[in-house]
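Take a look at the structure set out below.
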Amino acid sequence: LILAGAMVGGSLLGAEPLYQQDFSKTEPGSMPDDVLVLDGQFGVKEETGNRFAELPGAPLESFGFLFGPSQPNGVEVAGRIQATKTGRRFPTFGIGLNGASGYRIQVAPAKGMVEILRGDTVVASAPFVWASGEWTELRLRVRPAGDKEFRVEGLAWTAGSAAPSEPLVVFAETKIQPAGRASAWGMPFSGTPIRFDDLKVTPLGGS
């Protein structure tokens, strides 16, 4: 028995989400009104009764959108992303916190890595085995870890498999980024679409 409010992997189980979006109420071809597209031709698509946001496979650049409330720290962003490789060409994708230039957990299949970025700079990384065509679950947390330190924690796993009990990649930060909205990112370098679903922003428990 797990009681509501218990801590599971750093998240506060039973905590009311600050934001959640599964695209089920958005008509195909458009995007939800509460999502801000920074760049890219994102649009909701439907397949076998499930709706999701999709980024086309071209052009081969970096695209993203913002969602949820503006938060400085003490939250987790979660989502799942599906992408495919083409020959030796691989996509790159992720979700983030603290706005467009904040923190991001990014899966880089060409490197075999999962990374934490601050802005455009990789600040931490760890090996990760990505499964082409499968949904990848991602979580990113930014939490206070003392008077002048913050922990940025990232988790990634293939949907349907067991979630990691501990973060796969961690970055210790002494200067937190300004408050900002959560984000989602896709770089369709394989020339195939990237799909996004089940986005959520949730408050964390204590450090």
Fill in the blank from the handout: Cα pairs beyond 19 Å in segment 142-207, in percent, come to 52 percent
Problem - Within segment 103-138, trypsin sites (Lys or Arg not before Pro) in DSSP loop having at most 16 other beta-carbon neighbours inside 10 Å - result: LYS111
Completion exercise
In whole Å, largest first, the alpha carbons of segment 25-75 cover along the principal axes 36, 28, 17
Problem - Summed side-chain charge close to LEU168 - residues other than LEU168 whose Cβ falls under 13 Å, Lys, Arg +1, Asp, Glu -1 - result: -2
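Over the chain, with the other protein chains present, what is the accessible area per residue in square angstrom, probe 1.4 angstrom?
Solvent-accessible surface per residue comes out at 47 Å².
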Exercise for the section: Keeping every protein chain in place, order ASP22, ASP147, ASP197 by accessible area at 1.4 Å, biggest value first, i.e. largest first. Expected result: ASP147, ASP22, ASP197
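Rank-order 64-70, 37-43 by packing density, defined as the average count of other C-beta atoms within 10 Å over each peptide's residues, highest first.
64-70, 37-43
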Fill in the blank from the handout: Long-range alpha-carbon pairs in the chain, meaning those over 30 Å apart, account in percent for 16 percent
Fill in the blank from the handout: When the charge dipole of segment 27-100 is computed with +1 at the Cβ of Lys and Arg and -1 at the Cβ of Asp and Glu, the Cα pointing farthest to the positive end, of PRO32, THR48, ALA83, is that of ALA83
Fill in the blank from the handout: Note to self: C-alpha centroids of segment 24-42 and segment 125-186 sit apart, in Å, by 24 Å
Problem - Computed over segment 75-184, the ratio Rg/Rh where both radii use C-alpha atoms and Rh is Kirkwood - result: 0.97
Handout entry: Accessible surface of LEU60 - all protein chains present, 1.4 Å probe, nearest 10 Å²
Key = 80 Å²
Handout entry: Label-point separation, LEU60 to ALA15 (7 Å along Cα→Cβ), nm
Key = 4.0 nm
Problem - Computed magnitude of the charge dipole of the chain (debye, nearest 20; Cβ of K, R +1, Cβ of D, E -1) - result: 440 debye
Practice task
First compute the accessible area of segment 75-117 with a 1.4 Å probe, then give the percent of it belonging to carbon and sulfur atoms.
Solution key: 50 percent
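The values are calculated or read from the model by the stated rules, or taken from the named source; none is laboratory data. All values derive from a computational prediction rather than experimental measurement. Virtual Cβ from ideal backbone geometry, glycine too; neighbours counted across all protein chains shown. Remember, those area values only see protein heavy atoms, side chains included, never the ligands or the DNA or RNA. Shrake-Rupley method; radii C 1.70, N 1.55, O 1.52, S 1.80 Å.
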